[in-house]
Amino acid sequence: MPAELCDFRIAQDISGSCDNPQVAGLKNTGYIMNFDDIDWDALVKSSTNASIVETLALLSGKKAYKVVVPGNTPFTGTQSAMVAGTYKNKFNKTAAIVVLNSGPDVSKNIIDQLANGRFVFIFENKYQGANKDNTFEIYGLETGLAATEMTNDKYSEDTDGGWLVNLQETNAPSSGMFLFKTSIATTRAALESLVTGTNS
């Protein structure tokens, strides 16, 4: 029996919505967790759309952490871009985070860890589609986010002397992954349970 050959065919009209137009930007609070802390056995995707994660849990004793960036343009530089491949095109996804803090605890618990670990980052889009299932987007779930650039410019007006961190997921097979379970309120509650460590 021949191996499966994926059939890439467009399956939806391409158009904007007059009643619900696209809005650029992200909200001020995101969520970050260690890639290896995810309970992969508990991960559940939608039966109708593999780009939607309905259940995301962490291993017992593990938790996620909030990332809060103030201002009107938080997480500036967060983006996804196609990468041409030999047999299939993939995507690099960059999460841009500003750490408006410094000191020994920040160095030990945040900066040194970001520099060497792998992570998953969930951010909240300002734009909510008709089904609102695009509100919470996930970077790093497929291959993990790793640091590509970290700078601490003491005279930077953008970071007020804090850290600018770029984390990138390379060669992800899908252009977008989203967290959504039933409603925005239910999904937000699930995210909060990851932060408090009560999801498992």
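The values are calculated or read from the model by the stated rules, or taken from the named source; none is laboratory data. Every value quoted in this text rests on a predicted model; they were computed, and no experiment measured them. In this analysis, Cβ positions are derived from the backbone assuming ideal geometry, glycine residues included, and neighbour counts consider all displayed protein chains. Calculation scope for accessible area: heavy atoms of the full protein, side chains included, ligands and nucleic acids excluded. Shrake-Rupley method; radii C 1.70, N 1.55, O 1.52, S 1.80 Å.
Put one equal scatterer on each alpha carbon of the chain, apply the Debye formula with no solvent term, and list log10 I(q)/I(0) at q = 0.11, 0.17, 0.19 1/Å to two decimals. Per q value, in the given order, log10 I(q)/I(0) is -0.56, -1.28, -1.52. Surface analysis of region 137-200 yields an accessible area of 48 Å² per residue, using protein heavy atoms and a 1.4 Å probe. Once the chain from S107 to T198 is taken as fully extended at 0.36 nm per residue, the excess over their C-alpha distance is 30.1 nm.
Longest span of the chain, sites excluded, free of chymotrypsin sites (Phe, Trp or Tyr not before Pro) in DSSP loop with at most 11 other C-beta atoms within 10 Å? In the chain, the maximal stretch lacking such sites is 9-86.
Around the Cα centre of region 103-200, unit charges on the Cβ atoms of Lys, Arg, Asp and Glu (plus for the first two, minus for the last two) sum to a dipole of about 400 debye.
Total Lys pairs in the chain closer than 15 Å by alpha-carbon, pairs eight or more apart in sequence or interchain only? Let's see the in-between values first.
Working: K27/K66; K27/K126; K27/K132; K45/K181; K132/K181.
So the count works out to 5.
Counting only DSSP beta bridges whose two residues both lie in the chain, roughly 95 percent are antiparallel.
Rounded to the nearest 20 debye, what is the charge dipole size of region 1-122 about its Cα centre when +1 sits on each Lys and Arg Cβ and -1 on each Asp and Glu Cβ? Please report the intermediate quantities before stating the final value.
Details: 11 positive and 11 negative charges, 57 e Å.
That gives region 1-122 a dipole magnitude of about 280 debye.
Could you tell me which GluC sites (Glu not before Pro) in region 116-167 are loop residues by DSSP with no more than 10 other beta carbons within 10 angstrom of their beta carbon?
Values: sites: E124, E137, E142, E149, E157; in loops: E142, E157.
Answer by residue number: E157.
Here the accessible area of region 83-200 is 48 percent carbon and sulfur, with a 1.4 angstrom probe and all protein chains present. Averaging the sequence gap over all C-alpha pairs within less than 8 Å and six or more residues apart, then dividing by the number of residues, gives the chain a relative contact order of 26 percent.
Could you give the C-alpha radius of gyration of region 99-200 expressed as a fraction of 2.2 N^0.38 Å, taking N as the number of residues it contains? Numbers along the way, then the final one.
Working: Rg = 16.0 Å, N = 102, 2.2 N^0.38 = 12.8 Å.
Normalised Rg, Cα atoms only: 1.25.
As a fraction of the 1.4 Å probe accessible area of region 1-58, surface on carbon and sulfur atoms comes out at 51 percent.
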